[in-house]
Amino acid sequence: MSNLLQELEQLYQDASAALDGCQTLEETEAWHAAYLGRKGAVTAIVRGVGQLPREERPAFGKRANEIKVTLEAALRGRQERVALAEMEQALSAEGIDVTLPGRPQQIGKLHPTTVALREIVDIFTQMGFEVFDAREVETDELNFELLNFPPGHPAREMQDSFYTDTEDVILRTHTSPGQIHAMRKYAPEPIRVILPGKCYRNEDVTARSEMMFYQVEGLVVGRNVTFSDLKGVLLNYANQMYGEGRKIRFRKSYFPFTEPSVEVDVDCILCGGEGCRVCKYTGWLEILGAGMVHPVVLRNGGYDPAEFSGFAFGMGIERQAMNKYSIDDIRYFYENDARFLERVG
Ligand code: FA5
């Protein structure tokens, strides 16, 4: 055997042993450069073939080729094993247990007040109402006096106010002062608006009452607006909000700013009027207060009651959501427990 061939065989043994010792992908790369790369030891020996007598060259060339192919295959095998070992090591070092069941992600949901509010706004805008924004901080004049609650009027006690440090400035107790803002903006043009927003009352918090809640007010003013227009609008609302075929009923009521005044109920959506826990066995759910705009209020808004008439209504949004989604306690709404959001939608 020529010296060169012996050297090649020795190199083959050394390279194989060195490869078995490679523990990382970086080491296998270095091994490749040391033996099989352009400047590697195997490559260098193979280049020396020219020193051999001509008749020995083919046998040397054949063996050199076999060794290169074998070493390349061994390198690939080693690299696969090293990569696998590196991954396993990384997984155990990072503490990932791929057999653990996945943790489901919580999907965000809209708050039930938002869902109900958007639905109500959609229903009324489809009937041609525009949304009118009014302020939450009001004067006593707008919140009460111009709505025909004179100072000292007993009806003020129905809506206990939160006062501010500024005299006569209060947090609005209802959305009705927005009626005056809207009328003063549009008079003497006809109006068809809804006014959604927050209201505040200094009340004991109970299952049905909060200190902060949302209302949507509705106001229509025109030359021939009648009580039957009010009934038509509210029946349409009840059918869309609570399902087709709903019945509504009007009960005589009192608000200083409407005459006549009514409270409106819808037949219980859960029992259809038979009587159940939700409707407290009455068969009816209260949905809102309404009436024909009082002539004093029309005048305060800038309309001549001899020429114009109007109707108004005001509903509590949480109470609509409570009816619709059978929520039995208003306190859930603003406790900030995310599980409550699962109740709707
Ligand atoms: C009013 O606030 C009148 N402004 C409604 C109105 C407007 C009548 C236009 C006629 C014409 P009332 O106090 O009844 O009325 O409140 C209306 C609705 O707001 C109630 O039916 C109820 O759904 C809701 N509401 C009232 N107080 C609270 C409270 N403390 N917590 C939650 N919702 C309330």
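Within segment 305-334, take every residue that is farther than 30 Å from residue 205 by Cβ and touching a residue at least 40 places away in the same chain (Cβ under 8 Å) and give me the one that is nearest to the ligand (Cβ to nearest atom).
311
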> Restricted to segment 274-294, and to residues that are open to solvent by 20 Å² or more (accessible area, probe 1.4 Å) and touching a strand residue (DSSP E or B) at 6+ places or on another chain (Cβ under 8 Å), which residue is farthest from the ligand (Cβ to nearest atom)?
Replying inline: 278
>> Tell me whether segment 240-259 contains one or more residues that are open to solvent by less than 20 Å² (accessible area, probe 1.4 Å), charged (D, E, K, R) and either within 12 Å of the ligand (Cβ to nearest atom) or assigned by TED's automatic domain parsing to the domain that holds residue 124 (or both).
In response: no
> For segment 104-127, does any single residue satisfy the condition of being among the basic types (Lys, Arg), within 18 Å of residue 170 (Cα to Cα) and surrounded by fewer than 17 Cβ atoms within 10 Å (Cβ to Cβ)?
Replying inline: no
>> Among (1) more than 11 Å from the ligand (Cβ to nearest atom); (2) surrounded by 14 or more Cβ atoms within 10 Å (Cβ to Cβ); (3) without any contact (Cβ under 8 Å) to a residue 60 or more places away in the chain; (4) not in a helix (DSSP H, G or I), there is one condition residue 193 misses while meeting the rest; what is its number?
In response: (3)
> What single numbered condition from (1) at pLDDT 95 or above; (2) out of contact with any Phe, Trp or Tyr (no Cβ under 6 Å at 6 or more places or on another chain); (3) more than 17 Å from residue 193 (Cβ to Cβ) fails to hold for residue 171?
Replying inline: (2)
> Looking at residue 288, is it assigned by TED's automatic domain parsing to the domain that holds residue 173, touching a Ser or Thr at 6+ places or on another chain (Cβ under 7 Å) and within 19 Å of residue 327 (Cα to Cα)?
Replying inline: no
>> Being over 15 Å from residue 16 (Cα atoms), of a type in the set (Lys, Arg) and in the same structural domain as residue 19 (by TED's automatic domain parsing) is the requirement here; does residue 62 meet it?
In response: yes
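Rundown of residues vs (1) more than 24 Å from residue 83 (Cα to Cα); (2) surrounded by 14 or more Cβ atoms within 10 Å (Cβ to Cβ); (3) more than 60 Å from the chain's Cα centre (by Cα); (4) at pLDDT below 90, yes/no style:
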residue	(1), (2), (3), (4)
8	yes, yes, yes, no
11	yes, yes, yes, no
15	no, yes, yes, no
18	no, yes, yes, no
21	no, no, no, no
36	no, yes, yes, no
47	yes, no, yes, yes
50	yes, no, yes, yes
53	yes, no, yes, no
>> Among (1) surrounded by 15 or more Cβ atoms within 10 Å (Cβ to Cβ); (2) assigned to a helix (DSSP H, G or I), there is one condition residue 232 misses while meeting the rest; what is its number?
In response: (1)
> Restricted to segment 260-269, and to residues that are part of a strand (DSSP E or B) and more than 10 Å from the ligand (Cβ to nearest atom), which residue is farthest from residue 326 (Cα to Cα)?
Replying inline: 260
> For segment 304-326, what are the residues that are hydrophobic (A, V, I, L, M, F, W, C) and open to solvent by 10 Å² or more (accessible area, probe 1.4 Å)?
Replying inline: 306, 308
>> I'd like to know if segment 270-290 contains one or more residues that are β-branched (Val, Ile, Thr), in a helix (DSSP H, G or I) and over 34 Å from the mean Cα position of the chain (by Cα).
In response: no
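Here's the yes/no breakdown for (1) over 17 Å from residue 309 (Cα atoms); (2) away from the ligand (no atom under 11 Å from the Cβ); (3) part of a loop (DSSP other than H, G, I, E, B); (4) among the basic types (Lys, Arg):
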residue: 150; (1), (2), (3), (4): yes, yes, yes, no
residue: 156; (1), (2), (3), (4): yes, yes, no, yes
residue: 166; (1), (2), (3), (4): yes, yes, yes, no
residue: 170; (1), (2), (3), (4): yes, yes, no, no
residue: 182; (1), (2), (3), (4): no, yes, no, no
residue: 185; (1), (2), (3), (4): no, yes, no, yes
residue: 189; (1), (2), (3), (4): no, yes, yes, no
residue: 197; (1), (2), (3), (4): yes, yes, no, no
residue: 204; (1), (2), (3), (4): yes, no, yes, no
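The values are calculated or read from the model by the stated rules, or taken from the named source; none is laboratory data. No experiment lies behind these values; they were computed from the predicted model shown. Glycine also receives a Cβ, built like all others from the backbone with ideal geometry; neighbour counts cover every protein chain displayed. SASA here: full protein model, heavy atoms, side chains in, ligands and nucleic acids out. Shrake-Rupley method; radii C 1.70, N 1.55, O 1.52, S 1.80 Å.
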